[in-house]
Amino acid sequence: MKFHFRLPGVKVMVGLVLLAVFTFLAFFGSALAPYDPSARSNDILQSPSAKHWFGTTHIGQDIFSQILVGTRSVMFVGFFAGILATVIAVIIGVTSGYLSGWAGEAVSTVSNVFIVIPALPLIVIVTNVIPNSGDWAIAMVIGCTGWAWGARLLRAQTLSLRQRDFVQAARANGESTWRIVGVEILPNLTAIIASSFIGTVMFAVMTEIALAFVGVSGISQWNWGEVLFWAQGQQALAIGAWWWFVPAGLCIALLGTSLALINFGIDEIVNPRLRGAGRTTVRTADGRKARMRFGFTPVLTPSADEGGGR
Amino acid sequence: MKYFARRLGFYILTLWAAITINFFIPRMIPGNPVDSLIAQRRGEIDSNAIKSLDILFGLDKHQSLLSQYWSYLGQLAHGDLGISFQNFPEPVTSVLGSALPWTLGLIGTTTILAFLIGTLLGVFAGWKRGTWVDGLLPVTTFLSSIPYFWLGLISVTLFTGVDSWLPSSGGYDPGLVPGWDFGFIGNALRHSILPAATIIISSVGGWLLAMRNMMVTVSAEDYITVAHAKGLSDRRVMTKYAARNALLPSVSGFGMALGLVVGGTFLVEYVFSYPGVGLQLLNAISGHDYPLIQGVFLTVTVAVLAANFLADLAYMALDPRTRKEG
C-alpha cells in the first residue's frame with residue numbers, strides 16, 4: 001500500500017506542536033522544574049517574578065514547578081485511559097456492527113446504556129470507593145466508563161462498511177471473518193478510531209482534573225487539578241492570588257484546544273466537505289462580488305458601462 | 001409507534017442497569033463504612049431507619065445476595081432511600097427534594113439556551129463557510145476546552161467583590177426564606193446569573209461545531225441545489241431546507257450530551273456553592289455520607305433518562321420517518 005503524505009493544515013500543525021510540547025513536558029517536566037514542587041520556602045504568596053515564574057503558594061511552593069511536574073500525571077491518565085477506552089470501543093463497536101441479529105443489538109444496547117448514565121458522578125463514586133486510588137486506578141476507571149461514544153461511532157461505520165462491495169467480495173471469496181475484519185474493515189475505520197481516541201483523551205484529562213479539583217482522588221502526585229484544589233482550598237480568589245489558578249487553567253485549555261485542533265484535521269479527512277473552502281467570495285474585475293456555491297457556476301457578465309449593474 | 005416502544009424499552013433497561021450498579025457499589029467498599037457510621041449513631045437512629053439502611057447497604061450478612069437484591073428493589077419502589085448522615089436525621093429523599101429544583105432549573109435553562117444559541121450560530125457558520133465566520137471556530141474551540149469550573153473561578157474573581165451587584169456564592173441571600181414571592185425569586189435569579197453564564201459559555205461551542213459540520217454536509221445535497229435552482233431566497237433555503245435536516249443529529253445528540261453537561265454543572269455548583277444536587281454529592285463524598293451518595297446517583301440518572309425521553313419525543317416530531325409504521 002502506498003501512502004501519500006500531505007502537509008497538514010495550519011490548524012492541525014498548531015495542534016500537533018502544542019501536543020508535542022506537552023508530551024515533552026510529561027517526560028522531562030520533573031527534570032526541568034527549578035524547585036521541588038512540594039518544598040516550602042519563605043517566599044509566601046509571591047506574585048510571578050524572575051525567581052518564581054508563576055508565583056508561589058501560601059506555604060511558599062513554586063507553582064511553575066508544580067505545573068511542570070504535574071504534566072506527567074495529566075498526560076499519563078489521559079493517554080492510558082484513552083488507549084484502554086479505544087481498545088474496548090474497537091472490540092465492542094466492530095463486533096456489534098459486524099455481527100448481525102440480536103447479539104449485535106444487545107452489545108450496542110449495552111454501549112448506549114453507558115452513554116446515557118451520567119459519567120462523572122459514576123466515576124466520582126467509584127473512585128471514592130477504591131482506597132488510595134493512584135493514577136493507574138483513576139485511568140482504569142475512566143477508561144472502563146468512557147468507551148461508549150467511540151463504540152457507537154465505530155458500530156455505525158462498521159454497519160455501513162459491511163454492505164460495501166469489497167467486503168461482500170471478500171466474503172464470497174471465502175475469507176475468514178477474522179481476516180475480513182482485520183484487513184478489509186479495520187483499515188477503513190482508522191480515522192474514526194483516531195478521532196474517538198483523541199476525544200476520549202480529552203474526556204479523561206478533564207475528568208482527572210475535575211476529580212483532583214474536588215479532592216476525590218488521593219493526594220499522591222502533583223497534577224493540574226491538584227494545584228487548583230489547593231488554590232480553591234486556600235481562598236486564592238478571595239486574596240487576589242490570580243497566578244495560583246490561571247496557569248493551570250490555561251494549560252488545561254491549551255491541551256484541550258490542541259487535541260480539538262488535531263481532531264478537526266481528522267474530521268476533514270473523514271468528511272472532505274468540512275475542509276475550509278478557502279475564499280468563496282471573489283471580486284470580479286469590475287468590482288462586483290460573486291459567491292461560489294456548490295453545484296453552481298457563477299456567470300460573470302462584464303457590465304456594459306462604468307456604473308455597474310446587470 | 002415501534003420506535004417509541006423501542007426507546008421506552010431502552011430506558012427501562014437503563015434504569016434497571018443504574019439501579020443494579022447502585023446496588024453493587026456499596027457492597028464493594030471494603031470493611032463496610034456504613035456499619036461504623038451507624039454504630040456511632042446507634043442510640044439516635046430509630047429501628048425502622050436502621051432496617052432500611054441494612055437493606056440499602058447489605059449489612060445483614062445472613063441474607064443471600066439475591067434476596068438482598070429483592071428487598072433492595074422493594075424498598076426503592078416505596079421511595080425509601082435511607083437517612084442522610086450529614087443532615088441527620090433528615091431522610092435522603094427530603095435532602096434531594098430541596099436540592100433538585102435548583103439543579104433542574106440551572107441545567108434546564110442553561111442547556112436549552114446553549115443548545116439554541118449554539119445551533120443558531122452553527123447554522124450561520126455552516127452556511128457562510130469560507131467567509132470570516134470560519135475564524136470563529138478556533139475561538140469557540142478554545143472556549144469549550146476550558147473546564148466549566150475554571151471559568152467559574154475566573155468569573156468569580158472578575159465579576160464579584162464587595163461592591164459588586166453579583167453574588168459570588170450560594171443560591172439566595174442567607175436571610176431570605178425560600179418561597180414563591182418576587183423578592184426571593186429576584187434574589188435567586190441574581191445568584192444564578194454567573195453559574196448560568198459559565199455553563200452556557202463553555203457548552204455553546206460543542207453545539208456550534210456539531211451544527212456547523214452538519215450544515216456543511218447537508219449543503220452539498222441534491223435537494224439544496226434543487227431549492228436554489230427553483231430560485232428560492234437564500235434565507236429560505238438555509239432555514240427551511242438545510243437547517244431543518246441538519247438539526248436531526250443535534251436533537252438526537254441532545255439527550256446523549258446531557259450526561260456530560262450534568263458532570264460539568266456539578267462542578268459549577270461546587271465552585272459557586274450553589275445549593276443543588278451536585279454540591280450535595282460532593283459534600284456527601286467528603287463527609288462519607290453513603291446513603292446520600294447513592295440517592296444522588298439514582299436521582300440524577302432518572303432525571304437524565306427523563307430528559308432523553310423528551311429529546312426522543314422532539315425527534316419523533318421532527319423526523320417523520322420515526323412515525324412510519326413498520
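The values are calculated or read from the model by the stated rules, or taken from the named source; none is laboratory data. Everything quoted here is computed from the prediction, not taken from an experiment. Don't worry about glycine lacking a Cβ; one is built from the backbone with ideal geometry, like all the others, and counts go over all protein chains shown. Note: accessible area is taken over every heavy atom of the protein model, side chains too, but ligands, DNA and RNA are not part of it. Shrake-Rupley method; radii C 1.70, N 1.55, O 1.52, S 1.80 Å.
Tell me the label-point distance for the pair A:Gln163, B:Gln86, using the 7 Å Cα-to-Cβ offset, in nm and rounded to one decimal.
Modelled inter-label distance: 5.1 nm.
Suppose each label sits 7 Å from its Cα in the direction of the beta carbon; what would the A:Ala31-A:Leu250 distance come out to in nanometres?
2.6
How far is helix B:148-159 tilted off the main Cα axis of chain B, in degrees rounded to 10, range 0 to 90?
That works out to roughly 80 degrees.
Students often check this: by mean Cβ neighbours within 10 Å, which of A:22-31, B:70-79, B:236-245 ranks highest, and how do the rest follow?
On the way: A:22-31: 15.6, B:70-79: 13.0, B:236-245: 17.4.
Packing order, densest peptide first, comes out as B:236-245, A:22-31, B:70-79.
Counting partner chain Cβ atoms within 10 Å of every residue's Cβ in A:194-206, what's the average?
Details: counts 0, 0, 0, 0, 0, 0, 0, 0, 1, 2, 0, 2, 9.
What the average comes to for A:194-206 is 1.
From the square roots a ≥ b ≥ c of the eigenvalues of the alpha-carbon gyration tensor of the stretch A:1-152, which class results: rounded (a/c under 1.5), prolate (a/b over b/c), or oblate?
On the way: a/c = 3.49, a/b = 1.69, b/c = 2.07.
It is oblate, given that a/c is not under 1.5 and a/b is not larger than b/c.
Lysine pairs in the protein assembly as shown 8 or more apart or on different chains: how many have alpha carbons under 25 angstrom apart?
Lysine pair count for the protein assembly as shown: 9.
Quick one: Cα centre-to-centre distance for the stretch B:166-242 and the stretch A:185-211, in angstrom?
27
Is there a simple number for the mean count of other chain Cβ atoms within 10 Å of the Cβ of residues in A:108-116, and what is it?
Working: counts 0, 6, 2, 0, 5, 9, 3, 7, 15.
Mean inter-chain Cβ contacts per residue within 10 Å come to 5.
How well do other chains shield peptide B:138-148, expressed as the mean number of their Cβ atoms within 10 Å of each residue Cβ? List each step's numbers first, then the result.
Details: counts 7, 0, 1, 11, 6, 2, 4, 13, 8, 14, 2.
What the average comes to for B:138-148 is 6.
Whole number in Å², please: accessible area per residue of the stretch A:1-156, 1.4 Å probe, ligands, DNA and RNA not counted. Could you put the intermediate results ahead of the total?
Values: 7620 Å² over 156 residues.
For the stretch A:1-156, the per-residue accessible area is 49 Å².
If you take the accessible area of A alone plus B alone and subtract the pair, what total do you get in square angstrom, rounded to 100, with a 1.4 Å probe?
Details: alone 18020 and 17630 Å², together 30580 Å².
The summed interface area works out to 5100 Å².
What does the charge add up to near B:Asn283, with Lys and Arg as +1, Asp and Glu as -1, over the other residues with Cβ less than 12 Å from its Cβ?
-2
If you fit an axis through the alpha-carbon atoms of helix B:182-219 and take the longest principal axis of the Cα set of chain B, what angle between them do you get, 0 to 90°, nearest 10?
Here the helix axis deviates by roughly 50 degrees.
For chain B, what does the helix formula give at 222 nm: sum of -39500 (n - 2.57) over DSSP H segments with n ≥ 4, over the residue count, nearest 500 deg cm²/dmol? Write out the running numbers ahead of the final one.
Numbers: 12 runs with 231 residues, N = 326.
Theoretical 222 nm ellipticity from helices: -24500 deg cm²/dmol.
At what distance in nm do the modelled label points of B:Tyr3 and A:Ser100 sit from each other, each positioned 7 Å from its Cα along Cα→Cβ?
2.5
Output the peptides B:84-91, B:139-146 sorted from most to least packed, where packing is the average of other Cβ atoms within 10 Å over each peptide's residues. Write down the numbers at each step before the final one.
Working: B:84-91: 17.4, B:139-146: 19.5.
Sorting B:84-91, B:139-146 by mean packing, highest first, produces B:139-146, B:84-91.
Can you give the net charge of the other residues whose Cβ lies under 12 Å from the Cβ of A:Gly78, counting K and R as +1 and D and E as -1?
Combined, the nearby Lys, Arg, Asp and Glu give -1.
Using a 10 angstrom cutoff on alpha carbons, build the Gaussian network for chain B and name the most mobile of B:Leu100, B:Leu189, B:Leu232.
It is B:Leu232.
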